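Enquirer: Have a look at the structure that comes next, please.
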């Protein structure tokens, strides 16, 4: 007979494994993009969608994943998400064309949005209150490790086998995790809430339309009918989403994203800073991962290793930045972090040339990594501290979704600049494109720092993941990712 302690251990193992798997896929494909481009004959637009097709549905559905679990059963929805994610991974590995790969990545993203918030909810419900903080801390470290190691793992697999194995890797893990979840996890539910399906559909349509227009703008012409139609219809859908959410909230309903939250100066400012952080960093990583291979001749593994001063820095800095944030507040760290990231990207943009050595990149990567660490450590505390305790689960989910969409926007915008000023071709052509794109990333990060200055000096309320109610329908803690 399974003891409560054994059940708790199994819950921790299963949820941490699932969180690692879906968090890994956020960046693991980035360093395989040159090989995908060569094998599937894709252009820049196809590579953008290879990344964004995962992130966009993930951002939209993240806000309702936990609510679905509360309503229909957390284990059931968690297992469904694992199944969808695993099936999407297999389809991506078998993809014969870039279009099929993009569709499979969208399936992966939808599955990940069901899995990730429920890993936290299920774990919180299974762990005794006096040990919850430690369990969630380890969970966060595991998820953060996946993000940090994503470029390295993706590069190693692409180098040693083929890019398809990035996706095949998920299949046996999913095949093992699904029956384990059904057998070892308890079925629990939370307070039943009415799902805002119109909000989900209209919001998704708006974000997709805007993203489609931005991605296709340079290739099809910014004044072309398809691009203008995408941008206009997407903008109209976003406006309709805002109007619907306001109306639903005014009638006492349960909107996916209550607009009243953004009347709070602190909450609005932290989300503006978050989206600008993601614009600069996601967009830069997308292009620099390709530059290291296409311009400087590194293999995927060598490129992944060389970005570790950037991507792995949070693992070293977070233990120091956390206590510092508690002492001086999150605003100084957040603003300093954004400025350091801007300095790192500016360094690269100012010195980028075909003859640039790796030793010249290290200080810039280190600066960017240090800045990223200082930003992501206090961001959850600042977001939660800006709202009432009963709004903190929703505030956390919103901030995570904003971060993900910022990444989508960053890849689209910086890639458009890259294509307009240079693009693929010889190394000099690539440099001509990436340099102004990086300066756009710098501008976004500086603007994010200015938004951070609007934040209150100290949170007005506080809650920690350790004390979060295990029945909350929104994630309190998510792995910070670039």
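Each reported figure results from applying straightforward, stated rules to the coordinates on display, with no laboratory input. Source: prediction; values computed, not measured. Cβ coordinates were reconstructed from backbone atoms using ideal geometry, including for glycine residues, and neighbour counts include every protein chain displayed.
Enquirer: Distance between Cα centroids, segment 56-120 to segment 339-416: provide it in whole Å.
Expert: What the calculation gives is 25 Å, centre to centre.
Enquirer: Moving to a separate point now. Run the numbers on the chain and let me know its relative contact order in percent, using alpha-carbon pairs under 8 Å that are six or more apart.
Expert: 23 percent
Enquirer: Quantify how much of the Cα-Cα distance distribution of segment 197-257 extends past 18 Å, in percent.
Expert: More than 18 Å apart: 40 percent of the Cα pairs in segment 197-257.
Enquirer: Follow-up. From the alpha carbon gyration tensor of segment 258-482, can you work out the equivalent ellipsoid semi-axes (sqrt of 5 times each eigenvalue) and give them in Å, largest to smallest?
Expert: Ellipsoid semi-axes (Å, largest first): 33, 17, 15.
Enquirer: How far is helix 129-160 tilted, in degrees, relative to the longest principal axis of the Cα atoms in the chain, given as a value from 0 to 90 rounded to the nearest 10?
Expert: For helix 129-160, the angle is close to 30 degrees.
Enquirer: Right, another one. Taking the simple approach of a point 7 Å from Cα along Cα-to-Cβ for both residue 302 and residue 243, what is their distance in nm?
Expert: Going by the 7 Å Cα→Cβ label model, 5.6 nm.
Enquirer: Another question about this same structure. Using the alpha-carbon centroid of each, what span in Å lies between segment 144-200 and segment 233-295?
Expert: So the two Cα centres are separated by 24 Å.
Enquirer: By how many degrees, between 0 and 90 and to the nearest 10, does the Cα long axis of helix 313-328 differ from the longest principal axis of the chain?
Expert: Once rounded, the angle reads 60 degrees.
Enquirer: Please compute the length gained on full extension between residue 251 and residue 131, using 0.36 nm multiplied by the number of residues separating them and subtracting their Cα-Cα distance.
Expert: Extending this stretch completely gives an extra 39.2 nm.
Enquirer: In whole Å and largest first, what semi-axes does the C-alpha gyration tensor of the chain yield when each eigenvalue is scaled by 5 and square-rooted?
Expert: 32, 25, 24
Enquirer: To continue, here is another question. For helix 98-126, report the angle its Cα long axis makes with the longest principal axis of the Cα atoms of the chain; keep it between 0 and 90° and round to the nearest 10°.
Expert: Result, in degrees: 30.
Enquirer: At 222 nm, what helix-only mean residue ellipticity would the chain give, in deg cm²/dmol to the nearest 500, using -39500 (n - 2.57) for each DSSP H run of four or more?
Expert: Taken over the chain, the calculation gives -26500 deg cm²/dmol.
Enquirer: Fewest to most neighbouring Cβ within 10 Å: what's the order for 83, 50, 381?
Expert: Listing 83, 50, 381 from fewest to most nearby Cβ atoms yields 83, 381, 50.
Enquirer: Can you list, bin by bin at 10 Å, the percent of alpha carbon pairs in segment 1-184, starting at 0?
Expert: Using 10 Å bins, I get a P(r) of 10, 38, 33, 14, 4, 0 for segment 1-184.
Enquirer: From the convex hull of the Cα coordinates of segment 159-261, what is the mean projected area in square nanometres?
Expert: Dividing the Cα hull surface by four gives the mean projection, 11.7 nm².
Enquirer: Further question on the same structure: Efficiency by 1/(1 + (r/R0)^6): what FRET value for residue 328 and residue 141, r their Cβ-Cβ distance, R0 = 35 Å, to the nearest 0.05?
Expert: Computed FRET efficiency for residue 328 and residue 141 comes out at 0.90.
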